[in-house]
Amino acid sequence: MTIAILGGGLSGLALARLLHEKGHDVVVLEAETAYGGLCRSKTEQGFTFDIGGSHIIFSRDTEVLLFMRKMIERNEQRNDRNTKIFYKGHYVKYPFENGLSDLPEKDRFFCINEFVKMHVAVEKGELPAPQNFCEWIYYTFGKGIAECYMVPYNEKIWKFPTDQMSLHWVDGRIPRPPIEDVIKSAIGISTEGYTHQSVFSYPLDGGIEALVDAIAEPIWDKIRTGFRVTSVRKKDGVFEISNGSEVIVADQFISTIPVQHLVAALDNVPISVKEACAALRYNAIVCVNIGIQGEVPDISWLYIPEIALGMTNRISFPSNYSAHAAPGGCGSVLAEITHQPGDEVSRMDDAALIDQVVTTLEAMHILTKEQIVYSSVERQPYAYVVYDLDYQKNIAIVKDYCSTAGIPLVGRFSQFEYLNMDGCLRSVLDFVAQRMDS
Ligand SMILES: Cc1cc2nc3c(=O)[nH]c(=O)nc-3n(C[C@H](O)[C@H](O)[C@H](O)COP(=O)(O)OP(=O)(O)OC[C@H]3O[C@@H](n4cnc5c(N)ncnc54)[C@H](O)[C@@H]3O)c2cc1C
């Protein structure tokens, strides 16, 4: 029996490997000329960059974390997280609520005072439960932290108003700080937040792609690149999967490609499902990669909530993740700009994007133009799922349809959920255990 796996990102490759190990005949159909999806990396002039934005290996899920670390075991650099938020020229420890002592005095008072006031009001039951993401931010952090960081940063990354976003996803994803930690942080006693990520791994050589390379190694000959699935039809008990010029026949298929691509490839999809699918929101991302002669700050990554500093929402320093990510004497910076399909950013050419990022980095005193020895731009159409208020209604319609049609969905844009690599691998492991072991 042949199982076709649509999409050769982390999810598709991990699925293929596990099914292959169980004796199934698999074929991975990947649209791009290289597999890896968001987990691809490139090395040019001695600089290695992740092309789907900066990736690190971490997880609360011990089984998945061990799996990922095992895959890169002879190629692993362990790092202590040193992450900051750039706020009015200050480097504030991340998460923001654990770094209040780094704020200017007035802002520190504003944040701690409002945090305590909100906490007391919530404890006394004086506030109605939050109904959207914006209300949740105020309810959890108070007006100070909300207005100095949480709302501006989130609106910058999501490119969407927080009061039009659902809050079903925040628990477990955005740390809820204990009040003692926030008070300690405001008076300068060091505390850590988001501790499952305070130490992270990264491949020494090859960037994050080294992880997918290791996963793909036993199944290289099962991967078809350059095969963009455009139609899937059931005929005489088998599936005919086509890219418009060639047909692959499979007894079963599993989709890891964006649901939008899957729905477009299927016949006779009801209009209500097509409409629900079209209404699902997501962001694209532009990554601007810069290599410099000289050092970069000793920081893992840096959030930039201020709109005045330009379009970049986050920068990371790959040369701090791996000693091999930049040539000797050089450092590297990866700037991420999320955007909406078809907006101003998507119309900017590479030179304009690099210019925009260099202006930001110069304003932050991270580098000077003269230090730059390398630059490039990467674009990914699918980067983040955006949870608007209709998300749960729309995704339920799409998933119900796929489930009734017997189409398994595995992966970030296939399940259309904010899944990190660990979440994708958890879905893969569960799918194989529950659906393929019987
Ligand atoms: C900016 C950014 C930073 C991130 N940082 C981290 C991090 O630090 N740690 C972490 O754990 N996770 C991180 N992630 C999440 C991580 O990238 C994803 O969870 C993971 O890569 C998703 O893998 P996937 O295979 O499900 O999807 P994808 O990587 O999107 O793979 C889907 C594949 O399907 C292919 N495809 C699409 N359409 C078709 C078609 N019609 N036919 C055939 N193939 C098709 C695509 O080309 C792609 O290769 C980050 C994501 C982003 C955007």
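Laboratory data are not the source of any read-out in this text; all were calculated from the coordinates shown. If you're wondering where the values come from, they're calculated on a predicted model, not measured in any experiment. Positions of Cβ are backbone-derived with ideal geometry, glycine not excepted, and every protein chain shown enters the neighbour counts.
The relative contact order of segment 95-193, computed from alpha carbon pairs under 8 Å that lie at least 6 residues apart in sequence, is 41 percent. Using the alpha-carbon positions of segment 95-193, Rg (one decimal) and Dmax (whole number) come out as 13.0, 36 Å.
Once C-alpha pairs closer than 8 Å and six or more residues apart are averaged by separation and normalised to the residue number of the chain, the relative contact order reads 23 percent. The tail of the calculated P(r) for segment 230-318 beyond 19 Å holds 63 percent of all Cα-Cα pairs. Note on segment 288-438: Rg/Rh from C-alpha atoms, Kirkwood Rh, equals 1.09. Ordering VAL398, VAL64, VAL269 from the fewest to the most neighbouring beta carbons within 10 Å gives VAL269, VAL64, VAL398.
Tally Lys and Arg at +1 and Asp and Glu at -1 over the other residues with C-beta under 9 Å from the C-beta of VAL26: what net charge comes out?
Net local charge, VAL26 excluded: +1.
Taken along its principal axes, the alpha carbon cloud of the chain reaches lengths of 72, 57, 41 Å, longest axis first. Cross-linked pairs LYS42/LYS393; LYS159/LYS399; LYS124/LYS156: Cα-Cα separations exceed 29 Å for LYS42/LYS393; LYS124/LYS156.
For PHE96, the shell of other residues with beta-carbons less than 11 Å away shows a net charge of -1, using +1 for Lys and Arg and -1 for Asp and Glu. Measuring between their Cα centroids, segment 258-317 and segment 389-434 lie 19 Å from each other. Electrostatic tally near MET311: other residues with Cβ closer than 13 Å to its Cβ, Lys and Arg +1, Asp and Glu -1, net -2.
Cα-based values for segment 31-161, radius of gyration first and Dmax second, are 19.8, 60 Å.
Of all DSSP bridge pairs formed entirely within the chain, close to 75 percent run antiparallel.
Of the residues ARG228, ARG314, ARG40, the one that moves most in a GNM of the chain with alpha-carbon contacts below 10 Å is ARG228.
I'd like the antiparallel share, as a percent to the nearest 5, of DSSP beta bridges with both residues in segment 221-308.
Among the beta bridges of segment 221-308, antiparallel pairing accounts for roughly 90 percent.
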